[in-house]
Amino acid sequence: MPQFPLLCSVNVPNNQLIHLDKDDGVIGLTKDRRLIHWHKPMQIGAKQLADDLPASNLQWCFHDKVEGLVYIVLVNTGTKDQYLLTVNLHHGTKSIEPFPSDHFMLPLGLRGGVLLAQEGNLILAYDLETCDVIDRLSYSTEFKHSGGRFFRNPRTDQWCAASYDGRTIRFENVFAESSDKTPWLTSMIECEGVEGPIGITHRGEICFTESGELWD
């Protein structure tokens, strides 16, 4: 029974819930391998979209609001098998593809129409439809993963970001020029509607990397 027409009440662990937004609601992954969707965050009943998910847990997700798609990476913590679950919110449908079993990767983010991921000192680009590896790039082990697609060299305080230009993976400096602010940055994030990455200092200040502005 892939879909169930009636709304049902169901309990889902907090770490298996994906809060999208007030328009698209919440997606949940149940212990008995069902995919459910609350259309509104405060809605009691949820719609069942599928009941045949692989035995796995939520590892990573991305909400493409414009296209009405949610990309979810699932992982079986026992076997380390990973899957890409794509949910179409407009049609209430899903597709699922396994990742190559010879890779256990850490998802970094979607850039340029691919999923970027880290495995050791490699950055991999996965096709979103087939989960095939379409490009790979090695980077210096001096860089440590900070979060998302960002990496930091703790010795030099250099920040780099992984991206994809439609053909190849890029590993580029976050700051075009040397900045006196980089020694104080502890993390790097991205925010919709803001140009360029945003750095967070050890004092909680916000550094806009595109302009160099520093906000208390």
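Each value in this text was obtained by applying a stated rule to the coordinates, not by laboratory testing. Predicted, not measured: the structure shown is a model, and the values here were computed from it. Here Cβ is always computed from backbone atoms with ideal geometry, including for glycine, and neighbour counts include all displayed protein chains.
Assorted remarks:
- Neighbours of Val12, meaning other residues whose beta-carbon lies under 15 angstrom from its beta-carbon, give a summed charge of +2 when Lys and Arg score +1 and Asp and Glu score -1.
- Annotation: amide H-H contacts under 5 Å for Ala46 (H modelled 1.01 Å from N, sequence separation of 5 or more, or interchain): Cys8, Ser9, Val10.
- Fewest-first sequence of Tyr71, Tyr126 by Cβ atoms within 10 Å of each Cβ: Tyr71, Tyr126
- Per-residue Karplus couplings for segment 159-168, computed as 6.51 cos²θ - 1.76 cosθ + 1.60 with θ equal to phi - 60°, are listed in order as 10, 10, 10, 7, 8, 9, 9, x, 10, 9 Hz, Gly and Pro entered as x.
- Taking a straight Cα-Cα cut-off under 27 Å and skipping sequence neighbours fewer than 8 places away in the same chain, the lysines within cross-link reach of Lys31 are Lys22, Lys40, Lys47, Lys65, Lys80, Lys94.
- Amide N proximity, segment 4-42 versus Asp51 label position 7 Å along Cα-to-Cβ, cut-off under 18 Å: 4-12, 28-38
- Legend: ranking of residues Val75, Val87 from fewest to most surrounding C-beta atoms inside 10 Å; resulting order Val75, Val87.
- For Asp81, Asp64, Asp24, order by how many other beta-carbon atoms lie within 10 Å, fewest first: Asp64, Asp81, Asp24
- Vicinal HN-Hα couplings computed from phi for segment 30-47 (Karplus, 6.51 cos²θ - 1.76 cosθ + 1.60; Hz; Gly/Pro x): 8, 5, 9, 6, 9, 10, 10, 9, 8, 6, 10, x, 9, 5, 6, x, 10, 8
- Cβ-based net charge around Asp64, under 15 Å, with every Lys or Arg adding one and every Asp or Glu removing one: -4
- Each other residue within a Cβ distance under 13 Å of His103 adds +1 if Lys or Arg and -1 if Asp or Glu, for a net charge of -2.
- Computed from backbone phi with θ = phi - 60° and the Karplus coefficients 6.51, -1.76 and 1.60, the 3J(HN,Hα) list for segment 61-76 is 8, 8, 9, 8, 5, 4, 8, x, 10, 10, 9, 10, 9, 9, 9, 8 Hz; x is used for glycine and proline.
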